[in-house]
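J.: Would you mind keeping the following structure in view while I ask a few things?
What follows is calculated from the coordinates using simple rules that are stated; it is not laboratory data. Values in this document were obtained by computation on a predicted structure and should not be read as measured data. All Cβ positions, even for glycine, are placed from backbone atoms using ideal geometry, and neighbour counts span all protein chains on display.
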Amino acid sequence: MTARKRRVPQHEIPVAGYYDFSSKQLKKLLINLSLQAIGNHVNMEQLRYHLEEEIAMNVAIGSRYVVYPGINQELFLTTYHSV
């Protein structure tokens, strides 16, 4: 008798932080929980200073989107004009 892998529905979720998981660890955890990362919420510092790393992490875990969840108008304008 051969073992058959049971098909479990996969649920899509946004990720918000990595909690010191490496990309391989996080991907394995998501697979074990039958989850698929569809996006990752990041803060402005990560976007401004670590964009390439954020993109690489998202690609590694199978996430399609890097999301900045929100900003107030004053902070947006200050940040926008400083770039």
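J.: Say the dipole of the chain comes from +1 at the beta carbon of Lys and Arg and -1 at that of Asp and Glu; which of 46, 83, 59 then lies farthest toward its positive end?
T.: 59
J.: Between helix 23-32 and the chain, what is the angle of the helix's C-alpha long axis to the longest principal axis, kept within 0 to 90° and rounded to the nearest 10?
T.: Helix 23-32 sits at roughly 50 degrees to that axis.
J.: To the nearest 20 debye, what is the magnitude of the charge dipole of the chain about its Cα centre, counting +1 on the Cβ of each Lys and Arg and -1 on the Cβ of each Asp and Glu? Mind showing how you got there, number by number?
T.: Working: 9 positive and 7 negative charges, 176 e Å.
My answer is approximately 840 debye.
J.: Another question, then. Can you sort 66, 59, 15 from fewest to most other Cβ atoms within 10 Å of each residue's own Cβ? Before the final figure, lay out each step's value.
T.: Numbers: 66 16, 59 11, 15 21.
Listing 66, 59, 15 from fewest to most nearby Cβ atoms yields 59, 66, 15.
J.: Can you sort 34, 82, 63 from fewest to most other Cβ atoms within 10 Å of each residue's own Cβ? List each step's numbers first, then the result.
T.: Numbers: 34 11, 82 7, 63 24.
Starting with the residue having the fewest Cβ neighbours, the order is 82, 34, 63.
J.: Continuing with this model, one more query. Name the long-range amide H neighbours of residue 43: under 5 Å, sequence gap of 5 or more, or other chain; modelled H, no Pro or chain starts.
T.: Amide H neighbours of residue 43: none.
J.: Any idea what the relative contact order of the stretch 11-82 is, in percent, if you count C-alpha pairs under 8 Å spaced at least 6 apart?
T.: 33
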